[in-house]
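Read through the structure below, which is laid out as structure tokens, and then see the notes.
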């Protein structure tokens, strides 16, 4: 069955969610590789149409957060309900090497209790340990636009299907 109105609607729905998710990342100061990786595609399999979203794998951690060993983190899902993050630190902590590169790029300098400078390696270890304990707060950059899209989805979805049915019946009368 050919469903052009529904397919058009699903494409506009996908574009809207992607645009808003990228905007949310930008507002949170997290532009870059994650933002550039967000995309969608409409899959036609048999008589069904499906919208699939994709992004870098760490996007789920940024969206839903990561619970620490001392603090639980939560996020709002696409239905607007607050849920506990499905991710948590256990024995391992974030890699210090990546944090060390970030420290150097930002030009940060750490100090000990006596006010003396500490090495980048020591500072990156301390930050990694803190992240392990406190976790990473989820920003729901993807869940929020998905929730907004789903709220308006049902009424517009029904109209798109109705348009396709009417057009299909018109084509059958002509033939």
Among the candidates 71, 83, residue that is at negative phi and part of a loop (DSSP other than H, G, I, E, B): 71
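Within the group 29, 68, which residue is surrounded by fewer than 12 Cβ atoms within 10 Å (Cβ to Cβ) and either within 9 Å of the chain's Cα centre (by Cα) or in the same structural domain as residue 83 (by TED's automatic domain parsing) (or both)? Even if it seems obvious, please write down each step before you answer.
On the way: 68 fails: surrounded by fewer than 12 Cβ atoms within 10 Å (Cβ to Cβ).
Among 29, 68, only 29 is surrounded by fewer than 12 Cβ atoms within 10 Å (Cβ to Cβ) and either within 9 Å of the chain's Cα centre (by Cα) or in the same structural domain as residue 83 (by TED's automatic domain parsing) (or both).
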Members of the stretch 15-26 found to be within 24 Å of residue 49 (Cβ to Cβ) and in contact with a helix residue (DSSP H, G or I) (Cβ under 9 Å, 6 or more places away or on another chain), listed by number: 16, 17, 18, 19, 20, 21, 22
Test: residue in the stretch 52-63 that is in a strand (DSSP E or B) and surrounded by fewer than 15 Cβ atoms within 10 Å (Cβ to Cβ): yes
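Quick check on this structure: which one of 48, 82 is in the same structural domain as residue 151 (by TED's automatic domain parsing), surrounded by fewer than 16 Cβ atoms within 10 Å (Cβ to Cβ) and touching a strand residue (DSSP E or B) at 6+ places or on another chain (Cβ under 8 Å)?
Details: 48 fails: touching a strand residue (DSSP E or B) at 6+ places or on another chain (Cβ under 8 Å).
Criteria check complete, one pass: 82.
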Residue satisfying condition, being modelled with pLDDT under 95 and within 20 Å of residue 23 (Cβ to Cβ), within set 92, 83, 144, 54: 144
The one condition in (1) in the same structural domain as residue 67 (by TED's automatic domain parsing); (2) out of contact with any strand residue (DSSP E or B) (no Cβ under 9 Å at 6 or more places or on another chain); (3) in a helix (DSSP H, G or I); (4) surrounded by 13 or more Cβ atoms within 10 Å (Cβ to Cβ) that residue 141 fails to fulfil: (3)
So residue 97, is it at pLDDT below 95, part of a loop (DSSP other than H, G, I, E, B) and either under 21 Å from the mean Cα position of the chain (by Cα) or in the same structural domain as residue 128 (by TED's automatic domain parsing) (or both): no
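Going by the structure shown, is residue 115 touching a helix residue (DSSP H, G or I) at 6+ places or on another chain (Cβ under 7 Å), on the phi > 0 side of the Ramachandran plot and not in a strand (DSSP E or B)? Can you show your working first?
Details: touching a helix residue (DSSP H, G or I) at 6+ places or on another chain (Cβ under 7 Å): no; on the phi > 0 side of the Ramachandran plot: yes; not in a strand (DSSP E or B): yes.
Considered against the rule, which asks whether it is touching a helix residue (DSSP H, G or I) at 6+ places or on another chain (Cβ under 7 Å), on the phi > 0 side of the Ramachandran plot and not in a strand (DSSP E or B), residue 115 comes out as no.
The values are calculated or read from the model by the stated rules, or taken from the named source; none is laboratory data. All values reported here derive from a predicted model rather than from experimental measurement. With ideal geometry, Cβ positions are generated from the backbone for all residues, glycine too; neighbour counts draw on all protein chains shown.
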